[in-house]
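Let me begin by presenting the structure, written as structure tokens, before commenting on it.
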Amino acid sequence: MRLTNTSDLWWKNAVIYCLDVETFKDGNGDGIGDFRGLTQQIDYLANLGITCLWLMPFYPTPNKDDGYDVTDFYSVDPRLGTLGDFVEFMRTAHDRGLRVIADLVVNHTSDQHPWFVEARSSKDSPLRDWYVWSDTPEPEPAQVVFPDKEDSVWELDEPTGQYYLHSFYRHQPDVNMGNPEVRDEITRILGFWMELGLSGFRVDAVPFLIENVAPKLADPHDVLADLRAFMARRKGDSVLLGEVNVQYKELLSYFGEGLGDQLSMCFDFIGMQRAWLSLARGEAAPLAAALKERPAPPKDCQWAMFLRNHDELTLDKLTDDERQEIFEAFGPEKDMQIFDRGLRRRLPPMLGGDMRHVKLAYSLMFSLPGTPVIFYGEEIGMGEDLRAEGRMAVRTPMQWTKDGGFSRAEPARDMPAGDFGPARVNVADQRRDTSSLLRWFQLLIERYRECPELAWGTYTVLDSGRPAVFAHRCDADGATVVAVHNFGDRNEDVELALDGLQGCELTDLLENGTVEVPETGRVKLSLDGYGSRWMRVSAPEVPPEDASVKSH
């Protein structure tokens, strides 16, 4: 197919891989991952087909919140390396054709950050207004983010007698985005890392970032527009990927409704949660309803598609009954649940290690309209370690070999044991196994990159006539891809109406086979239990004009 004027919109069909430097690969033998270790594994990521790396926080930190409590936005945590190591990593990534984005965690700092140390020293401090203060602990939100640790978003600072706002943990005071000095400093942070090669940022907790701007700005979204404009001036094809877990009707404003001048991409949290409900029920309807409801983003923006990420599997946008269905199916034990709204598990154990089911889930994710985002270790089917506290259960060291292969020393974090431990789940073994999940990921990534319709086109949810079967088609620039997924464990025969494709041929992209669309436009397809099919549409060949016929 032909697509023009798209090279500067690389994020629309990228394959994004999220990793934590601390848990990916240890390069100096101290049991902690670092930039030297990550650099050694760039070829692995490039060969997998990844086009963009998303780095979780790697800045200096007291590490009370796994690096999301930052004390210096202009440096690298000494445990992970130096700025020199970072630059060498960036050079190697660019040499292999990989772009890199990083977490931008600026809605709060650590309470040990020099800004806050100075701000809390006196009510007259020049940095006092860099944070949000109140004489009284109000107002309180309807629900705190981490109810297992906090019961308020205000913390008394005894020396000055005022309360400071912390939307998350009390050791993470919120910065005051209504202060123009704070916004100027944040643009300097962006500019610094972009000069070192970053192609953009994943913006943490976007609604919390802008909500405290309202007292100072007429439109809080001006903050996002200003950040995007600055980045565009510095590097025209840079990207802002936003963590915005709100309903669709609210979410469009974060793109910059109608203009697309704020976030370049937003995670589809609603689609993700409905996909899990479909997986739990073995029915396509919840996911189909979400995609029919989902609004189209501005033309240069994109949805980011995922099934798991580095946090809990949040189910907060489902009803209580729907959430309970997923708990019962995939996390029935209380220790598997977190915050009463999510699960602290990885996908393969949730699906009982059934590789047919696991491969179906990832085939679905890559076929859904948008840009796929992978969490490290998903490509080999890593499991969680429920012995770890909270969300740390899914942030265990990458499993490279049977003995772990993460470090020459004892890893600072434990690895899972049992069926999903490194003895049974590792990169080395799966590289040699043509039927492995790793090889399935490579195939899905290859096919996704060959099918720009999935990222650039319009999509239509098709009626399969079978409750367990989800089908959709994506069309772009005269080309079409049809994808069909069976959420059930029984074989299914379906009939799809493919309007305008009469006489065309459907070529399977995940296996060998072709099917012709009859003149009725209704094509019959068979699916195994938990089966998936991607099919490219080819127009019928027009026979050459009879050369014996001469015109006079």
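The values are calculated or read from the model by the stated rules, or taken from the named source; none is laboratory data. Values in this document were obtained by computation on a predicted structure and should not be read as measured data. Backbone-built Cβ (ideal geometry, glycine too); neighbour counts: all protein chains shown. Quick note on the areas: whole protein, heavy atoms, side chains included, nothing else; ligands and nucleic acids left out. Shrake-Rupley method; radii C 1.70, N 1.55, O 1.52, S 1.80 Å.
What to note about this one:
- Span from the the stretch 397-436 Cα centroid across to the the stretch 215-247 one, whole angstrom: 39 Å
- Only one of (i) 51, 29, 21; (ii) 42, 27, 24; (iii) 38, 27, 25 was calculated from the structure for semi-axes √(5λ) of the Cα gyration tensor in Å, and its label is (ii).
- Dipole magnitude of the stretch 210-362, debye to nearest 20 (Cβ charges: Lys/Arg +1, Asp/Glu -1, about Cα centre): 560 debye
- Database remark: amide H of Gly521 closer than 5 angstrom to the amide H of Gly503 (H placed geometrically; neighbours at sequence offset of 5 or more, or on other chains; Pro and chain starts carry no H).
- Among the trypsin sites (Lys or Arg not before Pro) in the stretch 118-200, those located in a DSSP loop and surrounded by at most 14 other Cβ atoms within 10 Å of their own Cβ are Lys123, Lys149.
- Ranking by accessible area, most exposed first, for Thr480, Thr71 with a 1.4 Å probe: Thr71, Thr480
- Residue-averaged [θ]222 nm for the chain, counting only DSSP H segments that reach four residues, each worth -39500 (n - 2.57): -8000 deg cm²/dmol
- Compared with the dominant principal axis of the Cα atoms in the chain, helix 180-195 is inclined by about 50°.
- Between amide H atoms placed 1.01 Å from N, distances below 5 Å from Cys52 occur with Val15, Tyr17, Arg99, all of them 5 or more places distant or on a separate chain.
- Excluding the site residues themselves, the longest part of the chain lacking any GluC sites (Glu not before Pro) in a DSSP loop with at most 10 other Cβ atoms within 10 Å is 1-332.
- Extents of the stretch 54-143, largest first, come to 54, 31, 21 Å (Cα atoms, principal axes, whole angstrom).
- The residue list Gly418, Ala142, Gln112 was ranked by how far each Cα lies along the charge dipole of the chain toward its positive end, using unit charges on Cβ atoms, and Gly418 comes out on top.
- Restricting the trypsin sites (Lys or Arg not before Pro) of the stretch 306-390 to loop positions (DSSP other than H, G, I, E, B) with no more than 13 neighbouring Cβ atoms within 10 Å leaves Arg387.
- Principal-axis analysis of the Cα atoms of the chain puts helix 320-330 at an angle of about 70° to the longest axis.
- The residues of the stretch 437-480 have, on average, 37 Å² of accessible surface per residue, using a 1.4 Å probe with all protein chains present.
- Dipole moment magnitude, nearest 20 debye, the chain about Cα centre, only Lys, Arg, Asp, Glu C-beta charged: 1340 debye
- Rounded to the nearest 5, the antiparallel percentage of DSSP beta bridges internal to the chain is 65%.
- 1.4 Å probe accessible area per residue over the stretch 12-154, in Å²: 36 Å²
- In degrees, nearest ten, helix 83-95 long axis to first principal axis of the chain (Cα): 10 degrees
- The trypsin sites (Lys or Arg not before Pro) found in the stretch 401-452 that occupy coil by DSSP, while having at most 14 further C-beta atoms within 10 Å, are Lys402, Arg408, Arg432.
- Note on the chain: dipole from Cβ charges, positive end direction compared against Tyr248, Leu368, Phe192; the farthest Cα belongs to Leu368.
- Rounded accessible area per residue of the stretch 253-377, 1.4 Å, Å²: 30 Å²
- Each part gets one Cα centre, and for the stretch 146-165 versus the stretch 497-521 those centres are 61 Å apart.
- Here the stretch 331-391 is treated with +1 on each Lys and Arg Cβ and -1 on each Asp and Glu Cβ, and its dipole about the Cα centre works out to around 100 debye.
- The slack between Asn512 and Asp321, meaning 0.36 nm per residue of separation minus the straight C-alpha distance, is 64.6 nm.
- Cα gyration tensor shape for the stretch 109-191, rounded if a/c is under 1.5, else prolate or oblate: oblate
- Solution diffusion estimate, µm²/s, Stokes-Einstein, the stretch 277-357, Kirkwood Rh from C-alpha pairs, 37 °C, viscosity 0.692 mPa s: 233 µm²/s
- Solvent-accessible area, 1.4 Å probe, carbon plus sulfur percent, for the chain: 47 percent
- Among Gln302, Gly84, Leu525 the positive-end extreme of the charge dipole of the chain (Cβ point charges): Leu525
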